[in-house]
């Protein structure tokens, strides 16, 4: 069986700039370029902000990938080339979140599903990659169901949202104002996306950036100098700007709460601080800063790391099952070819017998059916023991025996 080779470029060796320059065009363009190579039988690509991974099924996979990397101008220092077994193990680890910047993150599993679907829709996958990706998706789901590898927020942005939910009991129906549409503000906004909040308002000094982020979340962009009037009616304010000075002063908040009759939750995740510390002394105001959130994040990360050993045990178990599955497929391919060969022979000899008998006797459907059943029975009985032996040989990884059987019967045993 032709095996998988892979070329891996990830955040462990490459910068974001390196990763962005490692592909040209869309995923579909890349799949088409790979599949058009005469030596590529199947291919798939994983492309995210933190990785570009190319998987090919080819009799000369390493050669194909070396040539591709050279053609794309990707520097050797950021590439990792994997053989079949290394590719499988790596793919399982990626699906489980063990190769992510944030250990255990869920987003990667969805990305694998989507990108694999793209490859299937393009018609560039087959039995080998289908088996690998189906297993990876299964293992990714299993480890999240059986361990706590994805539990607890480990990014400051997500921790801020979790904190708000814990303090308020729920975010459903709440109004949230996000100040800042940079990296941290974007993380906060995306963490809020599935919390069923009533409304998300995004304020930023550059209004176009606020508009872009708000559009992604079905929220509302707010001009920076108008943010105060939206804060008046909000339940939570999360501030994440890169300003060198406070963007919410005690006097500003004092004016805002004059027109309120309920508590206001302020979460400051900026460095330096966006909200004056003296705001915490105002009535009906609850202020939380990044130090407390960092403690939550680090504690959750430690908990996730404690789950890694459990995840690796599941991966090891599923990897052995995957190897066995491939071995059975190799035997099944050979067995199918053998049955096809014998079936052709059976039909020829059955027709020869029918013709000889017809020369002496009139044969009806009953007689023809008896001959067909007879030849079927003989074929199945003759092949039963070879089938069992071939499957046992595959399970024992006895490639020499399988190759000898293929040669003996004149079959393609690859």
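The residues of region 282-294 that are within 18 Å of residue 231 (Cβ to Cβ) and without any contact (Cβ under 8 Å) to a residue 60 or more places away in the chain, listed by number, are 282, 283, 284, 285, 287, 289. Right, residue 323: farther than 30 Å from residue 237 by Cα, in a helix (DSSP H, G or I) and touching a residue at least 60 places away in the same chain (Cβ under 8 Å) or not? So residue 323 passes the test.
Select, from 188, 167, the only residue that is more than 15 Å from the chain's Cα centre (by Cα) and surrounded by 17 or more Cβ atoms within 10 Å (Cβ to Cβ). Within the list 188, 167, the selection yields 188. Residues in region 1-28 that are closer than 30 Å to residue 322 by Cβ and not in a loop (DSSP other than H, G, I, E, B): 4, 5, 6, 7, 8, 9, 10, 19, 27, 28.
If you check residue 259 against the conditions, is it loosely packed, with under 13 Cβ neighbours inside 10 Å and in the same structural domain as residue 380 (by TED's automatic domain parsing)? So residue 259 fails the test.
When region 116-140 is filtered for residues that are crowded, with 19+ Cβ neighbours inside 10 Å, under 12 Å from the mean Cα position of the chain (by Cα) and farther than 22 Å from residue 321 by Cβ, nothing remains.
If you check residue 87 against the conditions, is it more than 17 Å from residue 43 (Cα to Cα), in contact (Cβ under 8 Å) with a residue 12 or more places away in the chain and not assigned by TED's automatic domain parsing to the domain that holds residue 179? No: the conditions fail for residue 87.
The selection criterion, being in contact (Cβ under 8 Å) with a residue 24 or more places away in the chain, loosely packed, with under 14 Cβ neighbours inside 10 Å and closer than 25 Å to residue 325 by Cβ, does not hold for residue 404. Within region 332-365, the set of residues being farther than 27 Å from residue 410 by Cβ and within 57 Å of the chain's Cα centre (by Cα) comprises just one member, 365. Being in a loop (DSSP other than H, G, I, E, B), touching a helix residue (DSSP H, G or I) at 6+ places or on another chain (Cβ under 9 Å) and closer than 23 Å to residue 309 by Cβ is the filter here; which residues of region 93-127 pass it? Those that are in a loop (DSSP other than H, G, I, E, B), touching a helix residue (DSSP H, G or I) at 6+ places or on another chain (Cβ under 9 Å) and closer than 23 Å to residue 309 by Cβ: 96, 97, 98, 99, 100, 102, 103, 104, 106.
Please determine, by comparing only the residues of region 257-275 that are in a loop (DSSP other than H, G, I, E, B) and either touching a residue at least 40 places away in the same chain (Cβ under 8 Å) or touching a strand residue (DSSP E or B) at 6+ places or on another chain (Cβ under 9 Å) (or both), which one is farthest from residue 188 (Cα to Cα). Give the derivation first.
Within region 257-275, the subset in a loop (DSSP other than H, G, I, E, B) is 258-263, 269-274.
Now narrow it down to the ones that are either touching a residue at least 40 places away in the same chain (Cβ under 8 Å) or touching a strand residue (DSSP E or B) at 6+ places or on another chain (Cβ under 9 Å) (or both): 263, 269-270, 273-274.
On the way: 263: 21, 269: 10, 270: 12, 273: 16, 274: 15 Å.
The selected residue is 263.
Is there a residue being free of Cβ contacts under 8 Å to residues at least 60 places away in the same chain and over 21 Å from residue 53 (Cα atoms) anywhere in region 130-144? Among the residues of region 130-144, at least one is free of Cβ contacts under 8 Å to residues at least 60 places away in the same chain and over 21 Å from residue 53 (Cα atoms), which makes the answer yes. Scanning region 60-75 for residues that are farther than 15 Å from residue 41 by Cα and in contact (Cβ under 8 Å) with a residue 12 or more places away in the chain returns 66, 68, 69, 72, 73, 74, 75. Of the helices (runs of 4 or more DSSP H) that lie entirely inside region 179-256, those containing 1 or more residues that are farther than 25 Å from residue 153 by Cβ and out of contact with any helix residue (DSSP H, G or I) (no Cβ under 6 Å at 6 or more places or on another chain) span 207-216, 227-231.
The values are calculated or read from the model by the stated rules, or taken from the named source; none is laboratory data. Keep in mind the model is a prediction, meaning the values are calculated, not measured. Every residue, glycine as well, gets a Cβ built from its backbone with ideal geometry; the counts of neighbours run over all protein chains shown.
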